[in-house]
1. Can you pull out the trypsin sites (Lys or Arg not before Pro) in the range 326-389 whose DSSP state is coil and whose Cβ has at most 14 other Cβ atoms within 10 Å?
2. D for the chain, whole µm²/s, Stokes-Einstein with Kirkwood Rh over alpha-carbon pairs at 10 °C and 1.306 mPa s: what number?
3. For residue 441 paired with residue 198, estimate the spin-label separation in nm (one decimal), with each label point 7 Å from Cα along the Cα-to-Cβ line.
4. Using a simple spin-label model with points 7 Å from Cα along the Cα→Cβ vector, what separation in nm is obtained for residue 278 and residue 459?
5. With a 10 Å radius around each residue's Cβ, average the other Cβ atoms per peptide and rank 455-467, 52-64, 296-308, highest first.
6. Select from the range 309-406 those chymotrypsin sites (Phe, Trp or Tyr not before Pro) which occupy a DSSP coil region and have at most 13 other Cβ atoms within 10 Å, ordered by residue number.
7. Full extension from residue 107 to residue 173: what is 0.36 nm times the residue separation minus their Cα-Cα distance, to one decimal in nm?
8. How far is the Cα center of the range 188-260 from the Cα center of the range 366-445, in Å?
Amino acid sequence: MRHLAAAILITGILSHRTQAQSPTSRTALTRGSWVITGATIVPMDRDTVFPNATIVVRDGRIADIGASANVTIPQGARRIDGRGKWVIPGLVDMHAHLYVDEWVPDSVARYELGVYLAQGVTTARLMIGTPLHHGLRADIEAGRMLGPQLWIASPQFAGRADPNTRVVTTADSARRAVREVADAGYDFVKLTVDITPEVYEAVVDEAARRGIRVVGHVDPRVGVARALAAKQQIEHLDNYMESVLVDSAVGRPSVSDVGAYRRQNWETLDLVDEGKVERLAGATARAGVYVTPTLAFFRLWFATQLSDDEVRGRPDYAHIPAKMRDGYERARAQYWKNPPSEAHRARYIAIRNRMVKAIVDSGGHIMAGSDGPGGLMGYGWSLHRELIMLVDAGLSPMQALAAATRVPATWLGAERDWGTLKRGHRADLVLLDADPLADIRNTSRIAAVSIGGRWLERRELDGMVERARTRLNP
């Protein structure tokens with residue numbers, strides 16, 4: 001949410017192409033064989049688990065999986081004792097950024113990607129693309145660099161200049177920008193702010209011609225109804241809060257996105273039509289539109305008053321580059337000098353949670369995305385917070401895990417290759433020390449990670465986190 005990062009500093013005073021490359025090439029596969037024995041496997045292709053199960057990995061893919069008594073272990077394969085542990089598919093962060101996008105030298109990027117892996121994130125969608133991202137992906141695919149599978153959105157399309165932005169103010173400029181980012185190999189067109197209906201329609205039409213999907217924010221002038229009709233993939237529940245106000249308040253700015261910075265907007269929470277919440281959720285589901293609500297960012301930044309010690313005591317706080325940290329600290333102090341009422345903040349949380357639960361209950365699709373780093377939270381850790389928030393919104397731990405595994409893989413068109421644990425799938429998985437279905441917080445209790453069959457023990461993961469910290473804050 002880089003346009004929001006810019007706003008913070010000021011106030012602190014269609015997926016991959018239809019014929020995209022095969023997802024199997026997103027990271028290199030590691031040769032050799034190893035086996036996890038005796039673990040409880042959460043395959044995510046069904047709403048059940050396999051106790052006392054075995055996974056055989058050969059040349060980066062799952063060669064066999066099932067009850068230990070029914071799986072033959074290859075001679076000479078490395079054995080990993082999974083007793084008392086749980087195995088889940090690698091996690092997906094569908095709204096990710098890097099510090100190198102704006103705050104630190106490009107050379108730090110490889111260490112940043114290691115932090116994602118250390119937090120169990122084996123696939124990341126970078127939401128404001130840069131040429132550097134393409135180089136990182138090429139290095140990962142060729143095995144020159146260790147990192148998650150990368151999917152890259154375009155530079156942000158906006159009606160005003162922000163960091164790494166394509167300014168589009170006319171239909172012609174919008175069409176030209178779509179063609180250019182499609183030709184440059186970006187996987188999606190990313191929309192942010194100040195997009196007029198004319199520009200929006202041009203983007204959607206040209207993107208359809210070029211076989212590249214549109215993702216991102218929903219400008220108030222565009223509106224959710226138009227975005228649903230266009231099948232845009234929507235971030236942050238943008239414009240949903242404005243769309244559920246009583247008819248007499250239609251057109252009033254509310255608390256979607258940067259609107260949450262304006263204290264007077266919070267009064268619109270008294271004007272929410274409860275029936276519209278359910279109807280909009282149903283319309284989202286019927287449209288087949290996938291939504292990434294980024295609940296943790298908005299709740300912890302705008303609606304939850306935390307002490308300085310609580311914020312600075314987070315393990316990811318030490319990774320935030322000083323320049324970015326200081327800007328957010330000033331913005332946080334400014335915001336909480338005169339915050340919305342506690343009642344309005346509680347209602348804000350409740351309505352956003354209700355919308356997410358209602359979308360899922362209506363048969364719709366929610367994807368987990370952290371919008372990290374932002375809001376004084378680092379990537380990786382913030383995805384685990386997002387899973388907690390999804391459960392707090394009423395999803396079951398299994399549904400929350402699906403939002404970070406199977407559902408994103410389906411939207412990305414990669415469900416036959418990863419996102420679940422099945423024979424033939426990539427060996428992207430996480431070994432946990434505790435049951436995530438008993439407590440979703442256990443997704444952060446990571447014993448080891450496999451990316452394309454490359455096995456990373458806890459000690460190695462800890463080293464990756466520490467090396468990143470020393471380079472992000474030398």
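1. When the trypsin sites (Lys or Arg not before Pro) of the range 326-389 are filtered for loop state and at most 14 Cβ neighbours within 10 Å, 337 remain.
2. The Stokes-Einstein estimate is 71 µm²/s.
3. Here the answer is 5.4 nm between the modelled labels.
4. According to this spin-label approximation, the distance is 5.7 nm.
5. The packing order, highest mean first, is 52-64, 296-308, 455-467.
6. When the chymotrypsin sites (Phe, Trp or Tyr not before Pro) of the range 309-406 are filtered for loop state and at most 13 Cβ neighbours within 10 Å, 336 remain.
7. Stretched fully, the residue 107-residue 173 segment lengthens by 20.5 nm.
8. 26
The values are calculated or read from the model by the stated rules, or taken from the named source; none is laboratory data. In this text, all values refer to a predicted model and were calculated from it rather than measured experimentally. For neighbour counting, all protein chains shown are included, and Cβ atoms are generated from backbone atoms with ideal geometry for every residue, glycine included. To get the accessible areas, we keep the full protein, side chains included, count just its heavy atoms, and leave off ligands, DNA and RNA. Shrake-Rupley method; radii C 1.70, N 1.55, O 1.52, S 1.80 Å.
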